[in-house]
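The values are calculated or read from the model by the stated rules, or taken from the named source; none is laboratory data. Quick caveat: nothing in here was measured; it's all calculated off a predicted structure. Methodologically, a virtual Cβ is constructed for each residue, glycine included, from the backbone with ideal geometry; neighbour enumeration extends over all protein chains shown. With ligands, DNA and RNA removed, areas are computed over all heavy atoms of the protein, side chains included. Shrake-Rupley method; radii C 1.70, N 1.55, O 1.52, S 1.80 Å.
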Amino acid sequence: MIADSSTPFGGNPRDNTNGQDAPPNIVFASAGDQLPDKLGTEPVVAGLDPAPEHAFDRIAELAAHLFQTPSAFISLINDDYLWFKAAIGIDGRVCPLETSFCSHAFSARDTLVVEDATQDERFADNPLVTATPGIRFYAGAPLITDDGQIIGSICVLDTNPHDAPVSDVKMQHLVDLAQVVMDELELRRELKRGEQRERELREARNNAESAKEAMSQFFAGITHDLRTPLTQILLFNDLLERVLDQPNASAADTDYTTKIRTAGTRMNMLITSLLELAELRSGRFELELEPVNVLEVVREACEGIEILSESDIDRLSMRLPDAPLFARADSSALTRVLDNLIGNAIKHTDPDDKVQVCLRLPESRGGENDATDTLDVSGDGVSDADDVALAPNLRSLPARGPGAPDSSSETTHIDAPSILIEIADNGPGIPADLVDTLFDPYTRGPQRASSDNEGSSSGVGLGLAITSDLVHAMDGAIHVHTKEGLGTCFHIHLPAVLED
């Protein structure tokens, strides 16, 4: 390789011949001119472009100009060879390490100066000295990484000996240029790392998108395949119930149809939940976010609990402000969230336990002196002081779950003003070993001892996962305060819509 030998100073390092013809290039005819298949300088120059680069050529030119030599090179160690990344006044691209001058600098881990190689017993018989033209003057500095690994050198060469001793200042300049080379190599390593990280991130994104799409297709397919026979089961169960609804039908036969319907209904609920979760996780579930009167949605959700037994309604109360509070949300999704959380609070507590739904701004911590109305859903207008005190007691516990802060304060990831909905109960609380995975799919609460159906579980384990995904899809946060024996309080923060 013959590099452009012009210097940044407008001269030529070979122009020290006083008008005579420039000396011929020093020939490194050893392993041939073929570049080795791989570089042995990992990890410092991993993926380094083997072609000449202007930055390295300029550094070699500066070194040649500094020492007024016709030749200079920057080499990197590749197994048993030196490979020239930049070369000025040199033919050839590699040199055996055993015949190189640089190997002596590597052994000493220091700079090396040879003023006349023919007079130095270490190099007098070296083929690079006995060749025509042969090396007479040499000065080099090793390239050393921060962890002390020698990976190459920067050197200057001349076919004429240099009688004047090389000053310490010049050698320090050569060491400085060696550090510039290392900086350039480090820059390329960081660029390669950045490119690799970008490729990995792009691949990860593509894999994630493919996984989401595959999961969505899988759930869509499996729900379709399950729903077809399920529909038939429920249909034939209806027909069977009509047949058994005769005077001679036994209680056992009727009980079988009830179990079939219960199992089928449960399977249908699981299929629906799986499909909803798949759509949420794949990003295909679209919400219509708009200003929503949260006061109205909360009131309607609570009043919708009328489908439960009268005893359940009697223990549900609301603490709502006089004026409406608006949030940027999807009313259908918010209703689904409230139905699930209020339903869970009633289902997982005893008949004597209280359930309270509170709507407020986070700055107002709710209490007996608040200018809010305590409304009983059953319509009897009776409030319970212990019921009102539920949320403050529970809020003193650390928050857990998506969007939960590190402390018990109510700061969430929502930077803008927010509206807070609380669903609290003084029931048995959530076991500590379930809290951290509470919002993960298939996390189920303990079986209720009072369950009507022996062996029934507390649910399909997808309700809170779907609830959490819906809240986050509305740019909100959800977390829980709970303690066994004290109760549970779910907090939902939604971005507030402020009045003009």
Item to complete: Give 440, 436, 475, 452 a once-over and let me know the one that is at pLDDT 85 or above and open to solvent by 30 Å² or more (accessible area, probe 1.4 Å).
Response: 475
Discussion item. Take the conditions of a type in the set (S, T, N, Q) and modelled with pLDDT under 90 and apply them to residue 145. Does it pass?
Written reply: yes
Item to complete: Test residue 62 against the stated conditions and say whether it is open to solvent by 40 Å² or more (accessible area, probe 1.4 Å), out of contact with any Lys or Arg (no Cβ under 7 Å at 6 or more places or on another chain), part of a helix (DSSP H, G or I) and not basic (Lys, Arg).
Response: yes
Worksheet entry | Residues (among the basic types (Lys, Arg) and either farther than 23 Å from residue 67 by Cα or surrounded by fewer than 17 Cβ atoms within 10 Å (Cβ to Cβ) (or both)) located in the stretch 121-143 | 122
Item to complete: Taking residue 112 as the residue in question, decide whether it is open to solvent by less than 30 Å² (accessible area, probe 1.4 Å), in contact with a His (Cβ under 6 Å, 6 or more places away or on another chain) and more than 19 Å from residue 183 (Cβ to Cβ).
Response: yes
Item to complete: Give 71, 107 a once-over and let me know the one that is loosely packed, with under 14 Cβ neighbours inside 10 Å and at pLDDT 55 or above.
Response: 107
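This table checks each residue for (1) part of a helix (DSSP H, G or I); (2) of a type in the set (Val, Ile, Thr); (3) at pLDDT 85 or above.
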residue: 292; (1), (2), (3): no, yes, yes
residue: 295; (1), (2), (3): yes, no, yes
residue: 299; (1), (2), (3): yes, no, yes
residue: 313; (1), (2), (3): yes, yes, no
residue: 332; (1), (2), (3): yes, no, no
residue: 337; (1), (2), (3): yes, yes, yes
residue: 342; (1), (2), (3): yes, yes, yes
residue: 353; (1), (2), (3): no, no, yes
residue: 358; (1), (2), (3): no, no, yes
Discussion item. Of the residues 461, 429, only one is modelled with pLDDT of 85 or more, at positive phi and surrounded by 13 or more Cβ atoms within 10 Å (Cβ to Cβ); which?
Written reply: 429
Worksheet item: Taking the stated definitions as given, is residue 132 among the β-branched types (Val, Ile, Thr) and farther than 20 Å from residue 98 by Cβ?
Response: yes
Worksheet item: If you take the residues in the stretch 76-100 that are small (Gly, Ala, Ser) and within 22 Å of residue 124 (Cβ to Cβ), which one is surrounded by the fewest Cβ atoms within 10 Å (Cβ to Cβ)?
Response: 92
Discussion item. What's the total number of residues in the stretch 144-163 that are closer than 21 Å to residue 184 by Cβ and open to solvent by 10 Å² or more (accessible area, probe 1.4 Å)?
Written reply: 7
